[in-house]
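Taking it in order: structure first as structure tokens, then the write-up.
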Amino acid sequence: MVNYGVTEDGFNKKSFLDILNSLENNAKRRFGENVDLTPGSPLKLMIDLMSAELVELWNNLDSCYKSGFVNTATGTSLDNVSKLVGIERSDGSPATGTVTFYRNTPLTESSYKIIPADTVVTTADVSSIKYVTTKSVYFKATITDEEYDTDEETTVYNCENYINSITSIVDSDGTDYTSDATFNGRTITLSALSVPAGKTIKTTYVPLSVSAPIECVDLGEIGNVNAEMITVMSNPFDFIHYIKNEQGLSNGVETETDSELRDRIVNARESFGKGTQASIEYSVKEVDDVSNVKVYNPHRINTVESSVGDGSTSIFVSNTPIYKVNSVTGHTVDSFVEDTGEIILTTTVTDGASVDVDYDYVLPGKIKIYVAGGVTSDIVSAIESSRAAGVHSIGYGTGDSNADGDDGYPYSWFYRPNSALIDVTVTVYFDQDSELTTAQKSDVLASIETKYNSYINSRDMHGRVYRNTLVKKALETHTDIVDVTFDSWAYNSASESVSTNYIEVGVVELPIANTIVINDTVVS
């Protein structure tokens, strides 16, 4: 007999057919084997209706049961489970940056013009991305005594806005630099005099621009765009001639997925014991802006050592415990003894003969941590608070340029991963009947480039960049794209075959988008 409901093997729910058969059998037991259960009979109709309702009930009971377990809970139920271990789902954040509003000529009015908060600006592509200004800014006819503090002696500095003309430049001591000043865009160059360090330069000038902070209205990576892609005002002001974002936006973050949250719950549960690899890894991952963490415990060192044979099949190395023997010149390794340093070969080594042994050994009590992102002081604090007293996270005093930490906490250092530069060149084929203009196609190509940058830069250490994913992201960008071909791609300048399914970077490397080239043509 099949058991339903909560069983030793979990929750076993009844299917529609199970319920239907059960009700029909009960009807036969109650009313006799000859009861009319033909389609359309009153009793059959009642049983069918009840079965439909009961299957929904069983489905809800199944969902209720699964909602209490980390491996099966989803959505809000998983959020509730996460609170049991003291963590919450990481909300996505919108991309933020700055957009600049320009005039071709200076304002003629003496009064200022306001660009209010919540002004809507967008990209110019077909499926435009919307942003709003997050505070009001004022376009003034003249900027008076805008201050710039000099940290060191200088002849070049930047104003906040593009310049049409300079009225005066004086420093905090009253020295006048106006007569020898030239400008280009925002940058002022003093050709005759330099301003000493520790001074405040006061510049009065006529501006041609004003900048405002913006935020994408949608959460996530959708708002990450290249420079000069935000060029449209939804409701243009007559005193603004054009706009653009001078810098790209790249800080939009997706809301944490169920899978990602589930992994954090598991790690958090394992992290309650201080000093474990899981607890250290979890603590560092919780630091703001940390994207990747790898803990090598115990720390392993590779070395090549010369060993002298004694006429037997055994040789010895000086560093123990041995983690792995990679090779012995001219011989095959049979086995090794970790603690004694003995390596047993399949053939004898001539008495007095030297062989080179390539092997890895471990340093008990020492770990090596690689961290991508985050502020150094915060990471050191996380390591210091989670490592056991006898555990030493190496890096201090090594002289390694990738080592990072605080001299005040020499046992809580870490390493930054190396960059794995990824180059990609693809050709996008537009439908021959596409009605997109040249400018619109350029916007589509720029959007693909942004997607490629976001995808590659989001990979983990020792991660893979998949060719099919890059093709898919391009095809999804616009319905007029009918094909995408891979022209070339490379890893740290080393070309990879275009038929290779993925590029996998080194164990302590982080994929970084380097040169992304998106060509286009029309299907003939």
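Side notes on the structure shown:
- Selection over region 129-144 of residues that are crowded, with 16+ Cβ neighbours inside 10 Å and assigned to a loop (DSSP other than H, G, I, E, B) gives a count of 2.
- Flag for Val482 being in contact with a helix residue (DSSP H, G or I) (Cβ under 8 Å, 6 or more places away or on another chain) and of a type in the set (Val, Ile, Thr): no
- For the residues Tyr370, Tyr396, Tyr359, the requirement of being free of Cβ contacts under 8 Å to residues at least 24 places away in the same chain and out of contact with any His (no Cβ under 8 Å at 6 or more places or on another chain) singles out Tyr396.
- Close Cβ contacts (under 6 Å, 6 or more residues apart or on different chains) running from residues in region 471-487 that are in the same structural domain as Ser447 (by TED's automatic domain parsing) and of a type in the set (Ser, Thr, Tyr) to residues that are part of a strand (DSSP E or B) and surrounded by 14 or more Cβ atoms within 10 Å (Cβ to Cβ) comprise Thr485/Thr427.
- Some residue of region 89-107 being under 37 Å from the mean Cα position of the chain (by Cα), touching a residue at least 40 places away in the same chain (Cβ under 8 Å) and closer than 30 Å to Lys13 by Cβ: yes
- Enumeration of residues in region 2-35 that are surrounded by 15 or more Cβ atoms within 10 Å (Cβ to Cβ), among the aromatic types (Phe, Trp, Tyr) and assigned to a helix (DSSP H, G or I): Phe16
- Within region 214-227, residues that are assigned by TED's automatic domain parsing to the domain that holds Thr515 have Cβ atoms under 6 Å from residues that are part of a loop (DSSP other than H, G, I, E, B) and surrounded by 24 or more Cβ atoms within 10 Å (Cβ to Cβ) in no pair, counting only partners at least 6 apart in sequence or on another chain.
- Positions within region 160-194 being of a type in the set (Asp, Glu) and in contact with an Asp or Glu (Cβ under 7 Å, 6 or more places away or on another chain), in sequence order: Glu160
- Looking at region 145-211, the strands (runs of 3 or more DSSP E) lying wholly inside it that each contain 3 or more residues that are surrounded by fewer than 16 Cβ atoms within 10 Å (Cβ to Cβ) sit at 163-171.
- Of residues in region 234-248 being surrounded by fewer than 17 Cβ atoms within 10 Å (Cβ to Cβ) and in contact with a Lys or Arg (Cβ under 9 Å, 6 or more places away or on another chain), the one nearest to Thr108 (Cα to Cα): Phe239
- Members of region 55-72 that are among the polar types (S, T, N, Q) and not in a helix (DSSP H, G or I): Ser67, Asn71, Thr72
The values are calculated or read from the model by the stated rules, or taken from the named source; none is laboratory data. The shown structure was predicted, so the numbers you read here are calculated from the model rather than taken from an experiment. Using ideal geometry, Cβ is built from the backbone for each residue, glycine included, and neighbour counts are taken over all protein chains shown.
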